[in-house]
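Below you'll find the structure, written out as structure tokens, and then a few comments.
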Amino acid sequence: MLYAMYEAAYYASSPMRQAARFARDAWGSPVNPATDTRLGRTLFAANDLFANVTRRYGRPAWNIDGVKIEGHDVRVRQVVEWSSPWVKLTHFSRDMSDMRKAGRRAIEPPVLIVAPLSGHYATLLRGTVETFLQDHEVYVTDWSNARDVSMLEGRFDFHDYIDHVREMLRHMGPRPHVVAVCQPGPPVLAAASLMAEDGHPSRPATMTFMGSPIDARLSPTVTNRLAEERPFTWFQRQMIYTVPPPHPGVMRRVYPGFVQLFSFMSMNLDRHQEAHQRYFNHLVSGDGDSADKHLEFYDEYLSVLDLSEEFYLQTIEIVFQKYLLPKGELVHRGRPVRPEAIGDIGLMTVEGENDDISGIGQTQAAHALCSALPAELKEDYVQPGVGHYGVFNGKRFAQEIYPRVREFILRLDHGGARAADAA
């Protein structure tokens with residue numbers, strides 16, 4: 001019922017939203033003599049704010065058409081290398097002729113960046129992808145919005161996620177590298193464990209976990225405590241709703257993105273209110289640059305997707321309530337998941353000093369679980385002064401975290417023979 005009410009409210013507000021857009025365009029028109037008056041800018045700001053707050057935010061574009069390497073512009077194109085109804089394995093392919101001009105003649109280490117399936121689209125990692133493109137062939141898991149997946153496509157749960165990661169690694173060829181950002185940590189470690197035990201030729205050469213809840217019992221945050229304090233049935237009753245028409249996934253049971261977004265924003269409601277007040281003031285004062293930065297952030301932040309019921313609830317149960325992976329009790333398709341079977345996959349963990357989502361120690365727990373790995377294949381790093389988002393994006397990530405990850409990957413890359421001079 002909540003989902004239907006949400007949709008009804010959106011469509012009911014359409015006339016007011018359209019009127020606000022017309023008014024905004026009228027008061028922002030260069031032919032309007034009142035445009036540059038304080039009254040004109042105030043009316044423009046009020047209507048623009050209303051139109052933006054009430055509009056629907058769809059899947060953002062990646063907008064990665066090129067990257068600068070060694071001072072040279074290198075063209076980038078997106079290629080979907082493999083897909084299922086639930087994900088597109090997107091390769092950000094760099095133009096080899098441009099790479100040769102930049103002095104890069106070898107095929108550089110392929111990296112699978114596993115984006116979180118926890119409310120936001122994979123484009124939240126746009127900065128992460130651009131940074132990795134400096135030195136790697138980058139592949140990203142671009143997850144689908146569950147409300148757009150027909151019921152005819154069946155279910156998608158925690159174990160399907162593990163299978164998808166294994167299949168994408170297999171598709172990338174021998175010994176790729178994998179980087180799990182936040183939520184994917186446990187299923188990626190499970191996938192690597194199974195592939196290692198099988199001696200699979202496409203098992204990762206390295207795996208890097210960034211702000212991941214490998215063991216959510218350690219340094220519990222507000223999010224962790226909520227999952228512990230609420231019974232499993234509470235999440236079933238309060239967080240799951242049915243997708244209404246006209247979405248392709250009509251009748252699918254999901255954890256709606258707008259519910260997740262409300263949870264995110266309620267944690268820092270004052271900050272978001274102040275941000276929108278500043279945006280209004282920037283428009284009134286004519287500070288277009290600051291207003292554009294606000295829009296850029298919120299265009300991404302307010303774009304959310306739905307999670308399938310079974311994936312969301314199993315993640316709550318497996319990762320945040322029963323802690324099956326760190327307790328050695330996770331079973332996948334009848335097979336015990338044994339991280340101790342990993343013997344030749346490099347392991348790096350990255351945490352943020354001020355992370356309020358995955359507390360210090362939750363990601364580091366992977367080292368104890370991978371007990372067979374020698375010390376030279378392990379590395380741990382805690383970045384001072386950053387929160388959860390800063391672990392994988394932003395200036396500190398690009399300048400202080402990424403160089404360490406890059407060196408770790410290059411040191412353990414098995415693809416020297418993969419390099420080929422295309423000249």
Inter-residue pairs, beta-carbon under 9 Å, first among the charged types (D, E, K, R) and in segment 3-20, second outside any helix (DSSP H, G or I) and modelled with pLDDT of 85 or more, 6+ apart:
Glu7/Pro244; Glu7/Pro245; Glu7/Pro246; Glu7/His247
Single match in Glu329, Glu296, Glu353 (criterion: within 17 Å of the chain's Cα centre (by Cα) and free of Cβ contacts under 8 Å to residues at least 60 places away in the same chain)
Glu296
For segment 373-392, state whether one or more residues are in a helix (DSSP H, G or I), within 21 Å of Pro186 (Cβ to Cβ) and touching a Leu at 6+ places or on another chain (Cβ under 9 Å).
yes
Scanning segment 358-395 for residues that are under 25 Å from Gly328 (Cβ atoms) and in contact with a Phe, Trp or Tyr (Cβ under 8 Å, 6 or more places away or on another chain) gives Thr363, Ala366, Glu379
Output the helices (runs of 4 or more DSSP H) that fall wholly within segment 1-60 and possess 3 or more residues being in contact with a strand residue (DSSP E or B) (Cβ under 9 Å, 6 or more places away or on another chain), or say none.
2-12
Can you tell me how many residues within segment 130-145 are closer than 18 Å to Val165 by Cα and surrounded by 22 or more Cβ atoms within 10 Å (Cβ to Cβ)?
6
Every residue in segment 207-220 that is buried (at least 22 other Cβ atoms within 10 Å of the Cβ), part of a loop (DSSP other than H, G, I, E, B) and not β-branched (Val, Ile, Thr), please.
Gly211, Ser212, Pro213, Asp215, Ala216
Of the conditions (1) crowded, with 16+ Cβ neighbours inside 10 Å; (2) in a strand (DSSP E or B); (3) in contact with a Ser or Thr (Cβ under 6 Å, 6 or more places away or on another chain); (4) not aliphatic (A, V, I, L, M), His91 clears all except one; give me its number.
(3)
Condition test on Ile401, is it within 19 Å of the chain's Cα centre (by Cα), assigned by TED's automatic domain parsing to the domain that holds Thr131, assigned to a loop (DSSP other than H, G, I, E, B) and β-branched (Val, Ile, Thr)?
no
If I filter segment 148-160 for residues that are closer than 25 Å to Phe132 by Cβ and assigned by TED's automatic domain parsing to the domain that holds Thr363, do I get at least one hit?
no
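The values are calculated or read from the model by the stated rules, or taken from the named source; none is laboratory data. In this text the structure is predicted, and so the values were computed from the model without any measurement. Every residue, glycine as well, gets a Cβ built from its backbone with ideal geometry; the counts of neighbours run over all protein chains shown.
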